[in-house]
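Below is one structure, written out as structure tokens, with a few remarks after it.
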Amino acid sequence: MKKVLIVGAGAIGSLIGVHLVRSGRYHVTFLARGLHYESMIKNGLKLHPLPHHTSTNNDTTTTKLDPIIIHSSIDHCTFVSSLDTISDHPQDFIFLAVKQHQLIPILDSLKPLIHSNSIIIPLQNGVPWWFFQSYTFQKSLQNTPLH
């Protein structure tokens, strides 16, 4: 069974990780912090799928799908709050699902988890943290709301 590490078990990381666990082909380790980590340990990780919409002629039917819940005690997954707890377990796939500015502090912790065939997949989302760092952008876009 291939080993997968999800660094950042927020919306993006959890979505991908839950589906990998459900495939039965991967052991997935989720890295989370604080209350989110504590909730995962206590209640498992719950994914609420979007409703499924089907249209025929002019009628639309919406089907609400049940939440998917995974637990470390019964599924092929582990929940951790620190990479130190798995530093002796190199990973086959590492998904980086944290904001860009959060990468630098964790890079050294990732080194022991990478082997010669590890594949690293970055999943940064949102406006890059450095986008408004330039003086030109700050001045021209000052007080401009992002939608």
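The values are calculated or read from the model by the stated rules, or taken from the named source; none is laboratory data. Values in this document were obtained by computation on a predicted structure and should not be read as measured data. Note: ideal-geometry Cβ built from the backbone for every residue, glycine included; neighbour counts use all protein chains shown. The area values use the complete protein model at the heavy-atom level, side chains included, leaving out ligands, DNA and RNA. Shrake-Rupley method; radii C 1.70, N 1.55, O 1.52, S 1.80 Å.
What the table shows:
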read-out	value
Those residues of segment 7-47 which are in contact with a Ser or Thr (Cβ under 8 Å, 6 or more places away or on another chain) and aromatic (F, W, Y), in sequence order	F30, Y37
Selected residue [part of a loop (DSSP other than H, G, I, E, B), at pLDDT below 95, open to solvent by less than 80 Å² (accessible area, probe 1.4 Å) and acidic (D, E)] from D66, D88, D75	D75
Selection within segment 88-109 - touching a Lys or Arg at 6+ places or on another chain (Cβ under 9 Å) and either farther than 21 Å from H19 by Cβ or hydroxyl-bearing (S, T, Y) (or both)	H89, P90
Those residues of segment 52-81 which are closer than 24 Å to R25 by Cα and free of Cβ contacts under 8 Å to residues at least 24 places away in the same chain, in sequence order	L65, D66, P67, S73, I74
Failed criterion for H36 (all others in (1) free of Cβ contacts under 8 Å to residues at least 40 places away in the same chain; (2) open to solvent by less than 90 Å² (accessible area, probe 1.4 Å); (3) part of a strand (DSSP E or B) hold)	(3)
Scope segment 105-124; condition open to solvent by 50 Å² or more (accessible area, probe 1.4 Å) and in contact (Cβ under 8 Å) with a residue 12 or more places away in the chain; matching residues	P112, I114, H115, N117, I119, I120, P122, Q124
Verdict on G17 being loosely packed, with under 10 Cβ neighbours inside 10 Å and either of a type in the set (A, V, I, L, M) or within 22 Å of K99 (Cβ to Cβ) (or both)	no
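Here is a yes/no grid of residues against (1) surrounded by 11 or more Cβ atoms within 10 Å (Cβ to Cβ); (2) farther than 19 Å from K99 by Cα; (3) touching an Asp or Glu at 6+ places or on another chain (Cβ under 7 Å); (4) modelled with pLDDT of 85 or more:
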site	(1), (2), (3), (4)
R25	yes, yes, no, yes
K42	no, yes, no, yes
P49	yes, yes, no, no
H52	no, yes, no, no
T61	no, yes, no, no
